[in-house]
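The values are calculated or read from the model by the stated rules, or taken from the named source; none is laboratory data. Because the structure is predicted, anything quoted here is derived from the model rather than measured. Note: ideal-geometry Cβ built from the backbone for every residue, glycine included; neighbour counts use all protein chains shown.
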Ligand SMILES: Nc1ncnc2c1ncn2[C@@H]1O[C@H](COP(=O)(O)OP(=O)(O)O)[C@@H](O)[C@H]1O
Ligand SMILES: [Mg+2]
C-alpha cells in the first residue's frame, strides 16, 4: 500500500502544485489520478518515486517513509511509464526493454531473453524487436514503454498519461490489453490521466484532483458516477452519468427470448418463412450472429449472402453489462437486442423494455444493500 499523508508540494517559485493530499493507494489495484491540466497529477506521481520531493507531509510505502529509502533502491521496485514512451532512440526495441535487467546485473543474453518475453506479454510481434523506436507506431512504442517498465518485475507501476498521445481506436485496445495484463500481474498501479472516461474504465478507485492540487474526491467509478462530492466533480465527471453507470451493472439474469435464425447460405425461401415481422437473424456455422436480414431485400436472390445483411445492430455479451444489453436492444433494427455467450454464439434476444425492468431491479437490489 502507498499512503499519502498530508502531502504538499510547493515549488521554489511559490506554486503550490499539491496541497495537503491524503490518499490510500491499495496494493494490487489500479488507482487513477484524474483532473484538468495543471492540477498536480504528475507532481503527485513523481513524489512516489522521489523524482520530486514533497515539501510537506509524508509518503509511505508498506509503512516505510520513502524519505528514509535510498532513491535508487526505491526506484528499482517502481516501474515508470510516460506519455511518449520515453524510449532510447538509438537502441533497438529489445535493447530498450533489456535496459533495466542489465542495470540490475543480469547477463546480456538472459536480459534479452527476458526482454523478448516481456514484448510478447504486451502483445508486440517478435519481428519488431530489432527495430528502432522511430520505426514503430505510437501504439507500438507505448507497448515497448510498458514492457520496459515491467523489466524488473516491480510491485509498483507509475503511469503518466501513457495512452494519451495515440488515436482513440488504438487507445481503446491498449486500455483493454492493459486491463487484461493487470488481471494476471496484479501490480499496485498509480495511473494519471486527464480523461475521465479513461479513469472510469481503468480505475478500481479514482482520485479526482482540482486546480491548486486539491483532492476533491476518491471513489470507485460507480460511486463517482452515482454520487459526485460537489459541483466541481459533477461537472468534471460530465453528462450521461446514469447511462454510463450501467457499464458497472452486470447483464446476467436478463430474460432472453428464443430467436428464429437461418445460416449464411440458407435458401431465400427458407429465410422468408423463418422471418418474424420481415426480419430474420443470420448466423454462421458456429451460431455466431452475422447480422439481421430484411427479407424484402432477397428479391432476385437465391440464398442468404453476407452482403445483404443489415450492419447497424450491436451484439452484447450475457456476461457483459446492462449498458451493452440496452445498446444492443436500442440499436437493433428489429427492437430485439442480440445477446451472445463468451465465445460469441447466440443465446437469444431481449427487448428494451425488458432491459429497463432489469435496470430497475438492479437499482432496487443496490438500494436494499445500502
Ligand atoms: N518544476 C516546476 N516548477 C514550478 N512549477 C511547476 C513545476 N512543475 C510543475 N509545476 C506547476 O505545478 C502545477 C502542477 O503541475 P503538474 O503536476 O505537472 O500538473 P498535471 O500533471 O496535473 O498537469 C502546475 O501549475 C505547474 O505549472
Ligand atoms: Mg501531467
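Structural remarks
- Which listed residue is closer than 27 Å to residue 27 by Cβ, outside any helix (DSSP H, G or I) and in contact with a strand residue (DSSP E or B) (Cβ under 9 Å, 6 or more places away or on another chain), from 151, 145: 151
- The number of residues in region 2-20 being away from ligand 2 (no atom under 15 Å from the Cβ), more than 21 Å from residue 181 (Cβ to Cβ) and in contact with a strand residue (DSSP E or B) (Cβ under 8 Å, 6 or more places away or on another chain) comes to 10.
- Single match in 267, 252, 240, 195 (criterion: assigned by TED's automatic domain parsing to the domain that holds residue 36, surrounded by fewer than 20 Cβ atoms within 10 Å (Cβ to Cβ) and away from ligand 2 (no atom under 16 Å from the Cβ)): 240
- Here region 45-67 is the region considered, the condition is being closer than 24 Å to residue 147 by Cβ and within 16 Å of ligand 2 (Cβ to nearest atom), and the residue that is surrounded by the fewest Cβ atoms within 10 Å (Cβ to Cβ) is 51.
- Remark: residue 25 falls outside the filter, which requires a residue to be at pLDDT 95 or above, within 13 Å of ligand 2 (Cβ to nearest atom) and surrounded by 15 or more Cβ atoms within 10 Å (Cβ to Cβ).
- Scanning region 15-34 for residues that are more than 7 Å from ligand 1 (Cβ to nearest atom) and in a loop (DSSP other than H, G, I, E, B) yields 26, 27, 28, 29.
- For region 138-179, the set of residues classified as surrounded by fewer than 19 Cβ atoms within 10 Å (Cβ to Cβ) and within 16 Å of ligand 2 (Cβ to nearest atom) consists of 164, 165, listed by residue number.
- Odd one out for residue 12, checked against (1) more than 9 Å from ligand 1 (Cβ to nearest atom); (2) more than 24 Å from residue 162 (Cβ to Cβ): (1)
- Restricting 232, 209 to residues that are within 16 Å of ligand 2 (Cβ to nearest atom) and either assigned to a helix (DSSP H, G or I) or in the same structural domain as residue 158 (by TED's automatic domain parsing) (or both) narrows the list to 209.
- Against the numbered list (1) closer than 16 Å to residue 184 by Cα; (2) modelled with pLDDT under 90, residue 142 comes up short only at (1).
- Qualifying positions in region 323-347 - in contact with a helix residue (DSSP H, G or I) (Cβ under 6 Å, 6 or more places away or on another chain) and part of a loop (DSSP other than H, G, I, E, B): none
- Residue within region 53-68 that is within 20 Å of residue 203 (Cβ to Cβ), in the same structural domain as residue 201 (by TED's automatic domain parsing) and in a loop (DSSP other than H, G, I, E, B) present: no
- Of all positions in region 68-87, at least one carries a residue that is surrounded by 14 or more Cβ atoms within 10 Å (Cβ to Cβ), out of contact with any strand residue (DSSP E or B) (no Cβ under 9 Å at 6 or more places or on another chain) and on the phi > 0 side of the Ramachandran plot.
- Checked against (1) under 23 Å from residue 244 (Cβ atoms); (2) within 25 Å of the chain's Cα centre (by Cα), residue 341 meets all criteria but (1).
- Here residue 37 meets the list (1) crowded, with 22+ Cβ neighbours inside 10 Å; (2) out of contact with any helix residue (DSSP H, G or I) (no Cβ under 9 Å at 6 or more places or on another chain); (3) part of a loop (DSSP other than H, G, I, E, B) almost entirely, failing just condition (1).
- Taking the criterion of being over 21 Å from residue 178 (Cβ atoms) and either surrounded by 19 or more Cβ atoms within 10 Å (Cβ to Cβ) or in contact with a strand residue (DSSP E or B) (Cβ under 9 Å, 6 or more places away or on another chain) (or both), the residues of region 198-217 that qualify are 209, 210, 212, 213, 214, 215, 216, 217.
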